[in-house]
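The values are calculated or read from the model by the stated rules, or taken from the named source; none is laboratory data. This structure is a prediction, so every number in the text was calculated from the model and none was measured. A quick note on method: Cβ atoms are made from the backbone with ideal geometry, for glycine too, and the neighbour counts reach across all protein chains shown. In case anyone asks, the SASA skips ligands and DNA or RNA and just uses the protein heavy atoms, side chains included. Shrake-Rupley method; radii C 1.70, N 1.55, O 1.52, S 1.80 Å.
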Amino acid sequence: MASGDVLPRFFSVYFPRFFSVYLSHYSSDSLMIPVSYYEHLPRPLPKTAILMGTGGKIWKVAMKSRQEQVYFERGWTNFVADNDLKDGEFLSFVFDGYRRYEVSIFGHGGCKEIRAAVEVEEISDGSESENNEGSLESVILEEEEEINDADQTKSDPDYSPDSPDTTTISVESAEVFN
């Protein structure tokens, strides 16, 4: 999986996936999960599923069984609107084995796209000045300076791994108890 994916790497190897081509005429209100995928669905079928977008946003959708077919329903329209899905776009779903699906969207150009990204707002503690001291960048720089200062005070110029003050412990075997 790409580094921007939400689920850990082992989900792509061990958990099943399915895909769907979005067609608004058929999929704007609900999305039918492919019948060939049903063997991977949990029993009993959960009432809801969580869709996780590559932009970091999540949606709770209802899972409904109608006429021996399973659909993502209530909440699906929010997913469609928030991701501005267009006819012909390719959706890939990775299932975590329980209720979560990581959803990747591939646009008309064939590339994976990040949509519905979670926006991060900077907040002020009220001490900002005109030189932007309260900005995220300045906070990060201040933290880096503090770390560098701490590293300099902790470092010992006389330290040597061969000095007699260091102790080496060798372990030839270990037994682990559960």
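Within the shell defined by Cβ-Cβ distances under 10 Å, the residues around R99 carry a net charge of +2, with Lys and Arg each +1 and Asp and Glu each -1.
If you take the alpha carbon atoms of region 30-87 and fit the smallest convex hull around them, that volume is 101 Å³ per residue.
The residues of region 32-102 expose, per residue, 52 Å² of accessible area to a 1.4 Å probe.
Once the C-beta distance of Q69 and K112 is scaled by a Förster radius of 35 Å, the resulting FRET efficiency is 0.80 to the nearest 0.05. Summarising the label geometry, the points placed 7 Å from Cα in the beta-carbon direction at K86 and S24 lie 1.1 nm from one another.
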